[in-house]
1. On the accessible surface of region 208-353, probed at 1.4 Å, how many percent belong to carbon and sulfur atoms?
2. Using the alpha-carbon centroid of each, what span in Å lies between region 180-248 and region 283-352?
3. Name the long-range amide H neighbours of H226: under 5 Å, sequence gap of 5 or more, or other chain; modelled H, no Pro or chain starts.
4. By per-residue mean of other Cβ atoms within 10 Å, what is the highest-first order of 263-272, 280-289, 307-316?
5. Along region 240-245, what does the Karplus equation 6.51 cos²θ - 1.76 cosθ + 1.60 (θ = phi - 60°) give for ³J(HN,Hα), rounded to whole Hz, x for Gly and Pro?
6. Beyond 18 Å between alpha-carbons counts as too far, so tell me which of K193/K331; K151/K354; K87/K331; K247/K294; K87/K151 fall in that bin.
7. Evaluate region 180-251: find the radius of gyration of its Cα atoms, find its Kirkwood radius, and give the ratio Rg to Rh.
8. Residue by residue through region 274-288, what is 3J(HN,Hα) from phi via Karplus (6.51 cos²θ - 1.76 cosθ + 1.60, θ = phi - 60°)? Round to whole Hz and write x for glycine and proline.
Amino acid sequence: MSVTYLQLVLALTQWLNAEDTISYCRALKTFMNVYKLYTSRKRKRGPRREERFSRLDWREHVCGMSPARFRRRYRMDLGCFNLLVDKLRDDLELYTYSCCRGEPITAELQVAATMRMLAGASYLDVSTIFRMHESTVYKIFWRVVELVCNKYTIEFPFDDLERLRHIEAEFRSRSEMEAMQGCVGCIDGLLIKIRAPTKSESPCSMRFQSCKGFFALNAQAVCDVHGRFTVFEIRGGGAQSDVQVWKMLDMCRDLLEQKRMPAGFWIAGDAAYPCSDSVIGPYSDADARNDRRKDNFNWSHSQLRIRIEMAFGRFVGRFGILWKPIRMSYKRAAIITMACAKLHNIIISYDLEKGQYYSDAKTRTTVETPSQLIRITHEEIESDRRNVSRATRRRRMTRMRSVRATTAPELNKHGAPIELLNDGWFYAASHRTCALRESLTNRVAELGVVRPSSSVLHATVAIATRQPNRQ
């Protein structure tokens with residue numbers, strides 16, 4: 001029995017216009033029966049769509065782009081892209097994500113969609129370009145990211161003496177008069193912006209709030225002269241200093257406890273890291289101001305240490321997902337950052353093999369380097385003291401003490417000394433004498449390497465940037 005909409009309206013009218021209780025109950029019962037029949041009827045549906053949803057034709061898409069345009073979109077050359085796809089093809093073909101409305105998604109489209117996401121594109125734009133559902137975009141993204149993290153590794157060549165000598169020769173050629181011998185890497189920290197962690201993710205979210213005012217992860221990295229990462233680990237939050245996170249790394253235990261670094265080789269770091277025979281930092285500003293030899297050593301040392309700053313600049317500039325806070329859990333943000341670091345190494349290695357080692361076209365005018373992310377100048381400190389009230393400064397100091405108290409058990413769990421949280425320990429560790437640094441300082445003095453004055457530097461930059469006269 002089929003019930004029309006008019007019958008339903010009549011039953012409703014009789015129910016509302018009932019005068020006594022008996023008629024009201026009868027009308028209500030009639031209305032409920034009519035409504036049940038009306039809602040259970042079979043509705044007529046339109047003809048089923050037989051056509052299949054066509055995906056993006058990858059060959060036609062690639063043929064319509066120049067090599068420079070392809071590199072700008074997918075952050076790598078077409079040859080490097082094909083090598084990456086061949087490496088992941090066997091695992092990606094198991095998850096083609098086909099459905100009744102669409103064709104299977106090929107491995108090329110899955111990798112391309114992931115690279116666009118890592119380059120900073122929105123999942124809505126990726127869904128429109130590659131003609132796939134929004135939920136499918138994230139399924140593909142996480143599948144490719146996990147495969148990249150599992151298939152590729154970042155390891156420091158402790159046991160490969162030949163490779164260490166090759167890296168040392170490249171660093172030595174970058175220093176003036178080849179004064180700095182034995183350097184096999186540069187170390188520094190980078191803050192990865194994330195959203196504020198929830199209480200379920202971390203009971204103490206202040207461990208992730210950096211001194212710049214945003215929540216972040218502290219990534220410690222070591223690179224070679226070309227900017228490839230030989231160490232990349234994320235072990236701490238933005239509230240922890242570089243040396244605190246450094247003490248948690250596996251490489252720190254390999255250098256300080258197991259002594260895996262061969263004699264004569266060392267890593268260049270800034271003044272935040274304790275000076276030892278394996279990690280050498282510059283002299284303090286007070287020592288360099290009073291001793292010309294130490295100032296010249298700092299000049300030669302900075303010629304090598306700047307490589308990690310350059311690597312961070314290219315790394316952040318290449319992957320646009322790092323330009324703004326990653327709006328996911330901090331654990332997933334760490335996985336994404338590790339995948340970006342491994343892809344960064346793949347791209348540079350391919351460019352070196354093909355002889356096409358060059359910096360990417362800057363799609364962003366300013367890139368925040370680690371020095372801009374972590375360090376605070378004296379002018380900012382003085383302006384902060386003038387503009388911030390005493391109560392606000394007291395709250396900040398209380399918060400930092402609580403953060404240090406919460407990070408102490410974690411440091412002990414990783415084998416770091418409790419004295420690490422004492423400011424005096426930082427001063428004593430960074431100012432203790434190092435025999436290897438003293439020998440390098442004497443070598444710089446013997447070769448006659450001198451830091452250029454500021455006027456000479458300005459004149460050199462002016463000559464290098466001067467445009468030729470057009471006649």
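1. Working: 2440 of 4930 Å².
Its accessible area is 50 percent carbon and sulfur atoms.
2. 11 Å
3. none
4. Values: 263-272: 20.3, 280-289: 17.1, 307-316: 21.9.
Most protected by this proxy first, the peptides run 307-316, 263-272, 280-289.
5. Once rounded to whole Hz, the list reads 8, 6, 5, 6, 5, 5.
6. Details: K193/K331 13 Å; K151/K354 22 Å; K87/K331 25 Å; K247/K294 27 Å; K87/K151 8 Å.
Over 18 Å apart, Cα to Cα: K151/K354; K87/K331; K247/K294.
7. Details: Rg = 13.9 Å, Rh = 13.1 Å.
Reported Rg/Rh, Kirkwood definition of Rh: 1.06.
8. These are the phi-based 3J(HN,Hα) values: x, 7, 8, 6, 9, 10, 10, x, x, 6, 5, 5, 5, 5, 5 Hz.
The values are calculated or read from the model by the stated rules, or taken from the named source; none is laboratory data. Keep in mind the model is a prediction, meaning the values are calculated, not measured. Note: ideal-geometry Cβ built from the backbone for every residue, glycine included; neighbour counts use all protein chains shown. Accessible surface is based on the protein model in full, side chains and every heavy atom, while ligands, DNA and RNA are left aside. Shrake-Rupley method; radii C 1.70, N 1.55, O 1.52, S 1.80 Å.
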